[in-house]
1. Within segment B:486-510, track down each residue that is part of a helix (DSSP H, G or I), free of Cβ contacts under 8 Å to residues at least 40 places away in the same chain and in contact with a helix residue (DSSP H, G or I) (Cβ under 6 Å, 6 or more places away or on another chain).
2. Where in segment B:667-771 are there strands (runs of 3 or more DSSP E), lying wholly inside it, with at least 2 residues that are more than 23 Å from B:Y597 (Cβ to Cβ)?
3. Can you say whether B:K27 is away from chain A (no Cβ under 14 Å) and of a type in the set (D, E, K, R), as far as the supplied structure shows?
4. State the number of residues belonging to segment B:75-104 that are open to solvent by less than 60 Å² (accessible area, probe 1.4 Å) and of a type outside the set (A, V, I, L, M).
5. Can you tell me how many residues in segment A:215-231 are within 7 Å of another protein chain (Cβ to nearest Cβ) and assigned to a helix (DSSP H, G or I)?
6. Which one of these is on the phi > 0 side of the Ramachandran plot and surrounded by 13 or more Cβ atoms within 10 Å (Cβ to Cβ): B:F43, B:F5, B:F39?
7. Every residue in segment B:585-623 that is within 24 Å of B:D652 (Cβ to Cβ) and in contact with a Phe, Trp or Tyr (Cβ under 8 Å, 6 or more places away or on another chain), please.
8. Only one of (1) of a type in the set (D, E); (2) assigned to a loop (DSSP other than H, G, I, E, B); (3) open to solvent by 70 Å² or more (accessible area, probe 1.4 Å) is not met by B:E144, so which one is it?
Amino acid sequence: MKEFETIKQRFLESLSACKSDAEIADLKAEYLGKTGVLTALMQQMKDLPADEKPKHGAAVNAIKVFIEDEIIRFKEKKYQERLTEKLASEKLDITLPGNQQTPGVRHLLNQIVEEIEDLFVGLGYQVKEGPEIETDENNFEKLNLPADHPARDMQDSFYIDPHTLLRTHTSPVQVRTMIEKGGLEPVKIICPGKVYRRDDDDATHSHQFMQIEGLVVDQNTSMADLKGTLLKMAQAMFGEDRTIRLRPSYFPFTEPSVEVDVSCYQCEGKGCSLCKQTGYIEILGAGMVHPNVLKMSGYDPDKYQGFAFGIGVERIAMLRHGIEDIRHFYTNDHRFLKQFKR
Amino acid sequence: MNLSFQWLKEYLNITASPQEIGVLLTKHAQEVAEVRPLFKASFLALAQVLSVEPIEGSKNKKCTVNVNGQQKTIVCGASNVAKDQTVIVALPGATLPGGKKIEVTQLAGISSEGMICSLSELGINPKFIQEEGIHVVQGPFNAEALEDMIIELDLTPNRMDLLSVLGCAYEVGALTHQKVKLPLISVTESATKNPYEIKIETDDCHAYYGRLIENITVKESPEWLKVRLMAAGIRPINNIVDITNYVMIDLGQPLHAFDHDQLTSNIIRIRNANAKEKFTTLDQQVRTLTEKDIVITDDHYPVALGGVMGGLDSEVTPDTVNVFLESALFEPKVISKTSRRLDLRSESSMRFERGVSPDRVLLALNKAAQLMAELGSGTVAKGVAEAVKKPAPPRQIEITLAKINQTLGVPLSALDIETIFDRLELPFKVQNERYQVAVPPRRIDLEIAQDLIEEIGRLVGYDHLPSHLPSTVSEGQLSPVQKKRRQVKTHLEGLGFSEVITYSLNQEKKDLPFIKTSKPVSILRPLNEANQTLKQSLVPGLLDVISYHQARQIEDVMIYEWSKSYQTDGESERLGLAMMGRVNEPSWNLTKAVDFYQIKGMVEHVLSLYGVEASYHPLDLKGYHPHQSALVVVSGKTVGQMGHVHPLVLRDYDLENVFVAELDVATLALVEKTSPAYHPVSKMPFVKRDVAFTVPLTMPASDLVDGIHQAQIDALQNVEIIDVYQGSPLKENEKSITLRVYLSKEGHTFKTEEIDQRIKSLTDALITSLKITQRL
């Protein structure tokens, strides 16, 4: 049996000296080949007594298995050594930038529009859109702004002909939706979109801007519903800790009408330059839909009532991000737009 | 409205501070813009100048003054300071506007214990100031007025009842739970009979009252009156004009004073103007009138433009001795139209066009007449000349408790409602929780039940309303079009495009290179030349943005805009893409300049999101490179165009090499799509073979692909163009196109001969149909 151990030792020494797969193959033939060492050992068996034969056979087999396993192990080890070398030669400078295509960004105004859309979709609202070129009937008359109303001055709107203009708010979409529903079912919509007023552009005025209006009409829609809805929106826009304040105001299409202030997010309502020491910042106008508006769009004001609100998207963006000039939104400077990655 | 707090206190006992009243008004009535002192300084006092002595070698004077019984020395540089004047002094400790601090100082060796102030040093708007130098107090004046506060109200157009101190008093009274104290006005009349006769000959004048005040002296108003006007933001002029303004601010009723001796008769006729009638207003402008305007005439000539402005010829001057005073009620809409047409907006027209309270017309006349007699040392002639149409009965509004609570969403009791009506001094009757309110003339803004709900809501305070979401149950979701829009935008951003929003108004000529037919929507009164028409193409706006960046050394730009384009036959949603520079922004190992195939790839990406494939055809639009542009067609419909912008157009923008695409996403959204049917994934291996052809340079690659499809080769799965080559050894007018063909058939494993045979018939078909050669 000592002889067997010697064979193993000799094999291992030879194996570790192998430099290539060919040498390993030769070594394997030397031991396991037809004229190899193990064949010779097997041939010794016929000279052994019958009771030793099985033991001898098993021992030779064990060496065979040993040699085969060792060769596999050795090959794997050599492979891994070569691989490690190869990987080392492939070392890269991981600080160099990757080959990505830098993603673009959604325009800040549309980011805010989508945020508000998502909030209201979650509350069960539909998002309604409509034409920007409108009849003055939809834009004014059906909103309780009759022809001689001061707010309908030709000076203040972009008229295309005496009865057509670029809409001055997205309220005509509310009118269209109410007429579409035929005065018979509840309405719960928000209307985002571009609107136009005949203003000269400066830091706080833009002849084109974005607005989102909301409208809920049902049999019991109340001002308390309006208040809860606006609070939700103010918190979504300016933070969970915000409160709102409703102040009496006037719009021809709502009665009662309110201006809505949000508690100042910079000073927490204590008073600062942002809120002009009042603790509140005006963010939107709202009110209960004027019965004339309901009537003109086919709803019976004795059965239905509702609330409406309108918010300027630019104003929200300017407040939230401290943007000082409304014209930035329409200049589209990359260095401006790309600051607002989602 | 600038509300003087002290003036307000004439009608109410107010214990709250002006700031507290300001907060109440903002919360419950109208927004208060600011609460500020009239004189923007503290430590002010009235003083009598006892003596004035010159100081040698200085233009300053040493003044001895009496302040509340104490003698003080003040060095003053004003030339108009004189003995026996009453002046306003800022005492040590005072801070003047601009931060100037008053302390005891040594001037020319004299200890000066304060400063004698001019009005401008006290923060009074210079346009109200009539004098040079220090302010000399005229006549009786209460030192308390030095501490008056102004509550500046931003009024909404419906609350014009607050354009008077009395109107504000009703409001503040309602907020502080007290009734307004109405002063009694009595006129002391002389024996002379008022000779005037009034004739109204127009529907647009509802009432007209006149009084004659005789033997008055036109002079500077006393201090208290001037200070009141300055508090209200009105420039003092003389006692007669000032009194008309004072009563207007006090009661809200505009008045007009005529020089009685300039009127040619004692008949006042109110009529509509004649067409093209000329009239010179007191601002010395000759106005051409229309039949819609109201004129006041002295039976011969117009003497005032009713409700808007008086005439130059009958204006009260320093020489006026007798005054005819008018107080009238005009139709609001008429005043509004006249003042707008003539661009003549006055304190008077502003009040008339919003509606004044009919019950104060006579009251104001009497108050002003009495004041004129008192302050002008004259007498009021006996009787009021008047012509009055029958006033409309008070408006009645009905409302139920249920409707109030249903609208506000708060359970108010009948007592709550009644208390609020009482506080607002609105007379009402009630039966079975149904209220009938008789609207007083001062609140003509209250027209319908909802107006009363607003009164109740704001007095209860919106802070006290509960806050919850509507109970209406409804389905909330974006429409398929809205969802698709968001998806495409998100993809574009992933591809590197940033969204821009440009103005919808531009110039037709900028659109022309990018549209087939121009049907511009034009604005009647554009703000300027650059904003005359609505955009018909998105490309000019995108080029403007790119040009902006190029001018700022930003040369790699990928932008998109999702906007409408507008033509006379309608507006439709479009998507515009524009690329300049390198697709991968500055990269150390991989940058690719934008080319036609880049923008085409982007277009294909967008189209794949709509589940459609397009064919591309030569484009004939001046704005595009004639050989690097394409018309994009889906199912026989044009859905857009794309390509290299023509260098001649780019030259106008100072640009080179910009690639754009414009897609009609409104049409794309309408393309019918069948929902995808499931095919089991093939378990068969596929065979791929590459074949190359030499073709004329001008031949579109799509001819080869189409040709293969037309050959109807058995088992053909797909054809790809994998290489296009030009150059040696090909001729100059040739190119090589390599196609990769995929073959596969369910349940069949191909033998080599079978594949060869199919590739041969495919090649033969192309060679025959396109007259090209195979490149081996």
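1. Initial filter on segment B:486-510 (part of a helix (DSSP H, G or I)): B:486-494, B:508-510.
Add one more test, that the residue is free of Cβ contacts under 8 Å to residues at least 40 places away in the same chain, and what stays is B:486, B:490, B:493-494, B:508-510.
The answer is B:K510, and nothing else.
2. Working: elements: B:687-696, B:716-725, B:734-743.
Strands (runs of 3 or more DSSP E) meeting the threshold: B:687-696, B:716-725.
3. Values: away from chain A (no Cβ under 14 Å): no; of a type in the set (D, E, K, R): yes.
Against the criterion (away from chain A (no Cβ under 14 Å) and of a type in the set (D, E, K, R)), B:K27 does not qualify.
4. So the first thing to find is which residues in segment B:75-104 are open to solvent by less than 60 Å² (accessible area, probe 1.4 Å), and the list is B:75-78, B:80-82, B:85-97, B:99, B:102.
Remaining after also requiring of a type outside the set (A, V, I, L, M): B:76-77, B:80, B:85-86, B:92-93, B:95, B:97, B:99.
Residues that pass the stated criteria total 10.
5. As a first pass, look at segment A:215-231 and keep what is within 7 Å of another protein chain (Cβ to nearest Cβ): A:216, A:218, A:220-225, A:227-229, A:231.
Checking the rest, the ones that are also assigned to a helix (DSSP H, G or I) come to A:223-225, A:227-229, A:231.
Going through segment A:215-231 one residue at a time, the tally reaches 7.
6. Working: B:F5 fails: on the phi > 0 side of the Ramachandran plot; B:F39 fails: on the phi > 0 side of the Ramachandran plot.
Checking each option against the conditions leaves just B:F43.
7. Hits for segment B:585-623 are B:V594, B:D595, B:F596, B:Q598, B:I599, B:L621, B:G623.
8. It is condition (2) that B:E144 fails.
The values are calculated or read from the model by the stated rules, or taken from the named source; none is laboratory data. Quick caveat: nothing in here was measured; it's all calculated off a predicted structure. Neighbour counts run over all protein chains shown; Cβ positions are idealised from the backbone, glycine included. What goes into the accessible areas is simple: the full protein's heavy atoms, side chains included, and nothing from ligands, DNA or RNA. Shrake-Rupley method; radii C 1.70, N 1.55, O 1.52, S 1.80 Å.
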